[in-house]
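These notes concern the structure reproduced below.
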Amino acid sequence: MIAAVVLLCICGFFAFVALQAIGSVRPAAGANGYRPSRSWHFAAGSTAWGMRTSLHILNPGDGEARSTIKYLLSGEGPVRKDVVVPARSGVLVDCMGHLGGRELTFGMSIDADRPVVVSREMYNLSPGFAASSIEQGMGAPSSEWYFAEGATSDTRRTIVFILNDGSSPAQVTVEELDNSGESNQTTIPLDPGRSYVLDAASVFPTSGDVSFALSSDEPIYAERYFETAYQGLRVGCCTPGSPGLRKSTDLIIPTDALLWRVEIVNPGSAGSSVELQYHLTTGTRKTKPFDVEGYSRKVVSFDDEVLGPGEDARGKVGLVTVSVVRGNDVAAESTSFGSSSECWVWASIGRESRRADDGPVYLPVVNNPCFRQNIIVANDQERTVNTTVVGVSASGKSHTERNTELKAGQCLSATSLRTNSPLAWNEVTIPNSENVEWSVVSSRAFNCLTADKASIAFASNRSTVIGANTTANKVALTFDVEGDPQAAKAILDQLKNIQAPATFFVLGEFAQSHPELVRRMAKEGHELGNLTYAHTSYLSSNSTIVSGLERTDAAVSKAAGVSTKPYMRLPYGSMSSSLLWAVNRAGYVSVSWNVDPMEWTSLPPEQVVSNTMGEMKPGSIILLYALSAQREEQELPMLIKAIRDSGMEIAPLSEVLFLGH
């Protein structure tokens, strides 16, 4: 049972990393973490392997910020793109669009004329693949990087991304460390302004769990992409590592984690004696000693290590301090697994203590139902402290404040704000009169196969969906958009005024003729699905329909910068078993409906509302059309009011399907 939960949770891997360089390569104040900086770096980015990469650039200041993104490619010169971010606003950048639609791997450097906060989202659009992570950028390079978790085997692999953004060539040594007491090395020459991708399985012979250590004669940036296979899915996440070894380091453990462990790597020839001190929420601390041999790694499971055999440690550990008693300094990393009902994984890279005395921190809000975002504040003192967490939306219209007493070693987990804006953030402040550590974590649910949309149906082995089996009072509005641009515009106007999300199934011909409306749909936070290319598609052969899906997806991607995958439907919803098999292989789920208010028969708006309310239940998918501007202006406000008055919430299709898994 435990192993199954862990494997399931890996599918939801999301990692937050708080980095602070040591030695001679310390970053400037505020250069790392979730505080604004003028310089940000990412060693990893990809539009290859079915991956997509985007950047979230947040400008919390009162003046316009001009940023330059420099894409550093492995085999050619840099590609530069300028991005202007208005004051107190954010911009979402599609990297594939910047790179002309090419399939590439790359690193990125972002420089701005005023402090901004930049995070990177990587995800995969293909069914059967669950890869997604949102990471904050790195502010400073290091000549050492350590990854405590990694593997080289048939079912799991580690890819190391290396970026040299300096002006001098770098000689980078990558060392693989297992539990044999020996190390394997390879050396990589890396020209300035270049990135390098190392697939560890093709370089190192070990098959199993390993750690990695990187050293360079010039400061570099490094990230690790870790991938595993589970029940036909390839799942993975990309995250930076520890930029140096430490004598003592802290790891924050979310108190609602079901399982957790600490991984320690000792890259030196001599052994290390290490003590793990568990800060318990009861106000006490327990210490456990461990030996880590030279050139090896140690994995400490928390099943019985904290309170003893048979005792449940869940909710009783907030912090773990890793201290070297004697021997080599080490790098440490913790991995926490959530419950089977709400599955998530959080990794914490060991770091020195950081205090909340440098102003607010900023957490980008991801308006996707498969992310559970939290601000975590941990008290590393031996006494109770008072903390305040304040969340403010980008528009300033939403405001939350939470005042809480934290016992020694306790963590506060505050859910971040959600807004109807496609890009916003939380502003978190903690009184600097108290010594508390802070951290920010976003959790990813297991069922989400893509980051821009939740491919719940694929994860549930469903090739078609007609609604969600849930008790949650949420329903989805879906519109088939075929011909009348004024009707589509009227729908968008009404949804904007009423603040309601929807999913638009767009005909390819419409997307080509009216790209500005498709662009607006995506910009205003609505999901986009595929209605094939022409209205008569349902009369075509299977291969023609699939070809039409591809043409439509290309038209929508060109107009709005997003894919229609994985959602499609045919006009009239006609699907044979052979066609269903064909569209599934093309990466789509057929989305039908369980509420048809017969709007297409030109019933009076009042009757459409009555029909909807008579059929609607929790998890319903409601079928609507873009018929005429006059009708939408009259009918849509009436319908949405009736739905909300009944106690139902209108939610994105992805969220409704997620609830039904």
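Report, by residue number, each residue of region 247-259 that is at pLDDT 80 or above and assigned to a strand (DSSP E or B).
The answer is S248, T249, D250, L251.
Per-residue answers, yes or no, for (1) among the aliphatic types (A, V, I, L, M); (2) part of a strand (DSSP E or B):
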residue: Y71; (1), (2): no, yes
residue: A87; (1), (2): yes, no
residue: F106; (1), (2): no, yes
residue: D111; (1), (2): no, yes
residue: E135; (1), (2): no, yes
residue: E144; (1), (2): no, yes
residue: V160; (1), (2): yes, yes
residue: S168; (1), (2): no, no
residue: E176; (1), (2): no, yes
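Against the definition (aliphatic (A, V, I, L, M), at pLDDT 85 or above and over 24 Å from I162 (Cα atoms)), how does V93 come out, yes or no?
Taking the combined requirement at face value, the residue does not satisfy it.
Tally up the residues in region 30-78 that are surrounded by fewer than 23 Cβ atoms within 10 Å (Cβ to Cβ), of a type in the set (V, I, T) and modelled with pLDDT under 95, please.
Adding up the residues that qualify gives 1.
Just the residues that are of a type in the set (D, E) and within 35 Å of the chain's Cα centre (by Cα), please, taken from region 569-599. Give the steps one after another, and end with the answer.
Taking region 569-599 first, the residues of a type in the set (D, E) are 596, 599.
D596, the sole residue that qualifies.
Mind checking which pairs have a first residue in region 127-154 that is modelled with pLDDT under 75 and a second that is of a type in the set (V, I, T), Cβ under 7 Å, 6 or more apart or different chains?
Between residues of region 127-154 that are modelled with pLDDT under 75 and residues that are of a type in the set (V, I, T), the close pairs are A130/V235; A131/V235; S133/T239; I134/V366.
S590 passes all but one of (1) among the polar types (S, T, N, Q); (2) buried (at least 19 other Cβ atoms within 10 Å of the Cβ); (3) out of contact with any strand residue (DSSP E or B) (no Cβ under 9 Å at 6 or more places or on another chain); which number fails?
In the conditions (1) among the polar types (S, T, N, Q); (2) buried (at least 19 other Cβ atoms within 10 Å of the Cβ); (3) out of contact with any strand residue (DSSP E or B) (no Cβ under 9 Å at 6 or more places or on another chain), S590 misses (3) alone.
Within region 207-220, work out how many residues are touching a Leu at 6+ places or on another chain (Cβ under 9 Å) and either surrounded by fewer than 22 Cβ atoms within 10 Å (Cβ to Cβ) or at positive phi (or both).
From region 207-220, those touching a Leu at 6+ places or on another chain (Cβ under 9 Å) are 210-213, 216, 218, 220; that's our starting set.
Cutting the leftovers down to either surrounded by fewer than 22 Cβ atoms within 10 Å (Cβ to Cβ) or at positive phi (or both) gives us 218.
So the answer is 1.
For region 546-555, state whether one or more residues are at pLDDT below 95, crowded, with 20+ Cβ neighbours inside 10 Å, in a loop (DSSP other than H, G, I, E, B) and touching a Ser or Thr at 6+ places or on another chain (Cβ under 7 Å).
no
Among the residues in region 477-484, are any touching a Ser or Thr at 6+ places or on another chain (Cβ under 8 Å), assigned by TED's automatic domain parsing to the domain that holds L531 and modelled with pLDDT under 95?
Yes, there is a match, as at least one residue in region 477-484 is touching a Ser or Thr at 6+ places or on another chain (Cβ under 8 Å), assigned by TED's automatic domain parsing to the domain that holds L531 and modelled with pLDDT under 95.
What residue, among those in region 185-210 that are part of a strand (DSSP E or B) and within 13 Å of R156 (Cα to Cα), is nearest to the chain's Cα centre (by Cα)?
Going through the qualifying residues, I end up with D199.
Exactly one of these conditions fails for G244: (1) surrounded by 18 or more Cβ atoms within 10 Å (Cβ to Cβ); (2) assigned to a strand (DSSP E or B). Give me its number.
Every listed condition holds for G244 apart from (2).
Which condition number does S602 fail, the rest of (1) within 32 Å of the chain's Cα centre (by Cα); (2) farther than 14 Å from F504 by Cβ being met?
(1)
The values are calculated or read from the model by the stated rules, or taken from the named source; none is laboratory data. These figures come from a predicted structure and were not determined experimentally. Cβ atoms come from the backbone with ideal geometry, glycine included; neighbour counts cover every protein chain shown.
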